[in-house]
Amino acid sequence: MDISTKIILGDCRYKLADLSDNSVDLIFTSPPYADQRKNTYGGIHPNKYVHWFLPTSQELLRVLKPSGTFILNIKERVMNGERHTYVMELILEMRKQGWLWTEEFIWHKKNCYPGKWPNRFRDSWERLLQFNKSKKFSMYQDAVMVPVGDWAKTRLRKLSITDKNRDESKVGSGFGKNISNWLDRDRAYPTNVLYLATECGNKNHSAVFPEALPEWFIKLFTAEGDLVLDPFAGSGSTLKAACKLRRNSMGIEIHKDYYNQMVSTIGQEKKHYLCEKKGLYEINSD
């Protein structure tokens with residue numbers, strides 16, 4: 001199976017028009033946050049952010065397959081001492097476009113930057129919003145299962161009568177558990193909180209997320225040979241992760257220096273971790 005990586009220089013608001021309808025399996029991206037990265041991307045005022053992003057999300061809705069998923073990494077900024085509401089406003093407007101706001105994941109940054117503010121603590125998490133076109137979408141939950149943990153060795157050694165039946169919550173919440181269901185299991189499904197360190201290496205980009213972040217979602221929502229799109233490709237973390245997992249990928253980047261850097265580094269890394277025995281690999285740029 002041939003795996004390709006395509007890197008496009010330009011504004012995604014216009015370059016997305018060249019993509020076919022219903023052609024992408026997963027969109028994973030982190031657009032410039034409001035009024036941040038001004039020296040790189042110019043900055044968008046929070047009050048104008050929704051208006052700025054909606055044309056792009058409309059195109060993404062068009063190119064995403066009905067079975068596909070869109071993961072948006074974004075976080076509100078603080079303005080005049082309070083959190084701005086542009087992310088919540090964006091969610092509501094995207095729902096009007098036809099998107100389903102299916103889920104929200106949290107990226108817990110294990111090594112967040114230190115700092116001190118008079119009215120808040122340092123940020124240690126970011127949102128990852130999941131949007132879909134339909135209620136039935138591709139999802140490979142077994143691909144992201146995690147080890148059960150050492151607790152099971154002692155907890156499951158000797159089960160009580162209560163452990164062998166569904167034990168209803170004592171506070172009447174409606175939740176219950178049957179501990180015996182964990183017998184002979186060595187893996188479990190994860191939660192919607194991801195514990196990942198931020199990118200510490202110098203990637204010559206002002207806003208780099210770790211490759212492990214898109215990698216987790218690529219495993220969850222795609223199969224080998226599927227197409228992954230990052231319309232704000234930046235340093236190319238999404239494309240690198242897709243390539244390692246044998247997914248086709250496409251990235252769009254408006255900043256020429258970052259575009260050139262991606263073409264160079266991804267081409268070199270492909271030679272490092274891809275083997276000719278697994279198929280033909282090419283990187284295209286235009």
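The values are calculated or read from the model by the stated rules, or taken from the named source; none is laboratory data. Predicted, not measured: the structure shown is a model, and the values here were computed from it. Every residue, glycine as well, gets a Cβ built from its backbone with ideal geometry; the counts of neighbours run over all protein chains shown.
From the residues in segment 126-138 that are farther than 20 Å from residue 33 by Cα and under 18 Å from the mean Cα position of the chain (by Cα), which one is surrounded by the fewest Cβ atoms within 10 Å (Cβ to Cβ)? Top of the filtered list is 138. Specify the residue that is surrounded by the most Cβ atoms within 10 Å (Cβ to Cβ); the eligible residues are those in segment 244-286 that are acidic (Asp, Glu), part of a helix (DSSP H, G or I) and at pLDDT below 85. Here the residue is 269. Would you say residue 186 is modelled with pLDDT under 95 and surrounded by 11 or more Cβ atoms within 10 Å (Cβ to Cβ)? No, not satisfied. Please tell me if residue 88 is touching a residue at least 40 places away in the same chain (Cβ under 8 Å) and either of a type outside the set (D, E, K, R) or not in a helix (DSSP H, G or I) (or both). No, not satisfied.
In this structure, residue 56 qualifies as of a type in the set (Val, Ile, Thr) and in contact (Cβ under 8 Å) with a residue 40 or more places away in the chain. Selection of segment 91-125 for residues being part of a loop (DSSP other than H, G, I, E, B), loosely packed, with under 14 Cβ neighbours inside 10 Å and modelled with pLDDT of 95 or more yields only 98. Of all the listed residues (219, 240), the sole one being assigned by TED's automatic domain parsing to the domain that holds residue 60 and either without any contact (Cβ under 8 Å) to a residue 24 or more places away in the chain or over 20 Å from residue 260 (Cβ atoms) (or both) is 219.
For segment 68-78, check the following and say yes or no: at least one residue is of a type in the set (Ser, Thr, Tyr), surrounded by 15 or more Cβ atoms within 10 Å (Cβ to Cβ) and assigned to a helix (DSSP H, G or I). Checked segment 68-78: no residue is of a type in the set (Ser, Thr, Tyr), surrounded by 15 or more Cβ atoms within 10 Å (Cβ to Cβ) and assigned to a helix (DSSP H, G or I). Working only within segment 222-234, note down all residues that are over 15 Å from residue 262 (Cβ atoms) and in a loop (DSSP other than H, G, I, E, B). Of everything in segment 222-234, those that are over 15 Å from residue 262 (Cβ atoms) and in a loop (DSSP other than H, G, I, E, B) turn out to be 222, 223, 224, 225, 226. Look at residue 49 and say whether it is surrounded by 14 or more Cβ atoms within 10 Å (Cβ to Cβ), in the same structural domain as residue 234 (by TED's automatic domain parsing) and in contact with a helix residue (DSSP H, G or I) (Cβ under 6 Å, 6 or more places away or on another chain). Judged against the criteria, residue 49 is a match.
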